[in-house]
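Notes follow the structure.
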Amino acid sequence: MFESGSVVALGLVMWFSKCSWRTRMWMLSHPLAIDILVFTVLTVIHWGTFSGVMAATVGALMCSVLLTAGRKSFGYMENGKYVPGVWNIAHLLEIKK
């Protein structure tokens, strides 16, 4: 179960890494919506066996933990304002301009 959940979470991280910065920031700014969406989609995909549902649950839990870590690391948008994380991405993006 944990191995399957880890593979599911790794797939979600890879998907997240392919998104644009605007999409990533939106995802980090709406954690509840992402948690509900990921859990629902994973449960529907893995429905039918106990091990499948448990893999979906572990994958959704790991996604939630990684989403929280991403919010603390990179920051997020709240009420139209950027809340910086440990690594201030807005500062890094200004350097590239």
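Before moving on, here are some points about what is shown:
- Share of carbon and sulfur in the accessible heavy-atom surface of the chain [1.4 Å probe, %]: 71 percent
- At least 18 Å along the helix axis (C-alpha) and Kyte average at least 1.0, DSSP helices within the chain: 2-17, 31-45, 50-74
- Rounded accessible area per residue of the chain, 1.4 Å, Å²: 70 Å²
- Net dipole in debye of the chain [+1 Lys, Arg Cβ; -1 Asp, Glu Cβ; about Cα centre; nearest 20]: 420 debye
- Candidate values [x] 18.5, 69; [y] 15.0, 51; [z] 12.5, 35, label of the one derived for Rg and Dmax of the Cα atoms in Å: [y]
- Estimated 222 nm signal from helices in the chain, with DSSP H stretches of n ≥ 4 weighted -39500 (n - 2.57), rounded to 500: -24500 deg cm²/dmol
- Of the chymotrypsin sites (Phe, Trp or Tyr not before Pro) found in the range 1-87, those in coil by DSSP whose Cβ has at most 12 other Cβ atoms within 10 Å are W47, W87.
- The slack between E3 and T49, meaning 0.36 nm per residue of separation minus the straight C-alpha distance, is 15.0 nm.
The values are calculated or read from the model by the stated rules, or taken from the named source; none is laboratory data. Because the structure is predicted, anything quoted here is derived from the model rather than measured. Don't worry about glycine lacking a Cβ; one is built from the backbone with ideal geometry, like all the others, and counts go over all protein chains shown. These accessible areas exclude ligands, DNA and RNA; they are computed on the full protein's heavy atoms, side chains included. Shrake-Rupley method; radii C 1.70, N 1.55, O 1.52, S 1.80 Å.
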